[in-house]
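Visitor: Can you keep this structure in mind? I'll have questions shortly.
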Amino acid sequence: MARGNQTKGFEFLLWGLSELPEQQSILFLLFLWMYVITVAGNLLIVLAIGTDVRLHTPMYFFLANLSCADILFTSTTVPKALVNIQTQSRSISYAGCLTQLYFFLTFGDMDIFLLATMAYDRYVAICLPLHYTMIMSLRCCILMVTACWTLTNLVAMTHTFLMFQLSFCSKKIIPDFFCDLGP
């Protein structure tokens, strides 16, 4: 029996949405509407923060990064789900699944790391108000966001490389509409 990963040439079936034909158009419109609203809302937040000089503070810097991460996070899964609904195809290649998993983990973890960074920013603002501008300088904020991006990429790469080592021989059905660690 050959050793190693034997799964390079097959596809997974994403089985998370309804199979009923009458629900497909409703699901497509619902997913499309939510996706457009999410992207437009986050783009408006980034635009407002970028254009208003009064919003060039650490809290809004982190909020703009969170909005960018949210746009990328939703863009990882929803477009593939829309294509699957529209074309009635549920398949995703092994490489496509691992790629989607990597970006899903990266941007999902990025939200968590940025929220922790924002919590630290608010802690400094409340507990050390006189030292706030010195502690939360632009250099420090950029360093914190860079650390968030670096750590999330390392975590996602680790999970993705570990998934690459597994072999998937028996069950190729994923009971969801995107690739995730559990399924």
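The values are calculated or read from the model by the stated rules, or taken from the named source; none is laboratory data. As the structure is a computational prediction, the values presented were derived from the model and not from experiment. Counting neighbours? That spans all protein chains shown, and the Cβs are built from the backbone with ideal geometry, glycine included. The area values use the complete protein model at the heavy-atom level, side chains included, leaving out ligands, DNA and RNA. Shrake-Rupley method; radii C 1.70, N 1.55, O 1.52, S 1.80 Å.
Visitor: Is there any pair linking a residue in region 59-79 that is over 29 Å from Met136 (Cβ atoms) to one that is modelled with pLDDT under 90 and open to solvent by 30 Å² or more (accessible area, probe 1.4 Å), with Cβ under 6 Å and at least six apart or on different chains, and which?
Guide: These pairs meet every condition: Thr76/Phe104.
Visitor: While we're looking at this one, here's another question. State yes or no: is Thr57 open to solvent by less than 50 Å² (accessible area, probe 1.4 Å), at pLDDT 80 or above and of a type in the set (Ser, Thr, Tyr)?
Guide: no
Visitor: Does Leu114 satisfy the criteria of being free of Cβ contacts under 8 Å to residues at least 60 places away in the same chain, in a helix (DSSP H, G or I) and over 15 Å from Tyr60 (Cα atoms)? Steps first, answer last, please.
Guide: Details: free of Cβ contacts under 8 Å to residues at least 60 places away in the same chain: yes; in a helix (DSSP H, G or I): yes; over 15 Å from Tyr60 (Cα atoms): no.
Criteria not met by Leu114.
Visitor: Okay, moving on. Of the residues Met144, Met134, Met157, which single one is at pLDDT 90 or above, farther than 20 Å from Thr99 by Cα, open to solvent by less than 80 Å² (accessible area, probe 1.4 Å) and part of a helix (DSSP H, G or I)? Working first, answer last.
Guide: Details: Met134 fails: open to solvent by less than 80 Å² (accessible area, probe 1.4 Å); Met157 fails: farther than 20 Å from Thr99 by Cα.
It is Met144.
Visitor: Would a scan of region 99-112 turn up a residue that is open to solvent by 50 Å² or more (accessible area, probe 1.4 Å) and within 20 Å of Met136 (Cα to Cα)?
Guide: Within region 99-112, one or more residues are open to solvent by 50 Å² or more (accessible area, probe 1.4 Å) and within 20 Å of Met136 (Cα to Cα).
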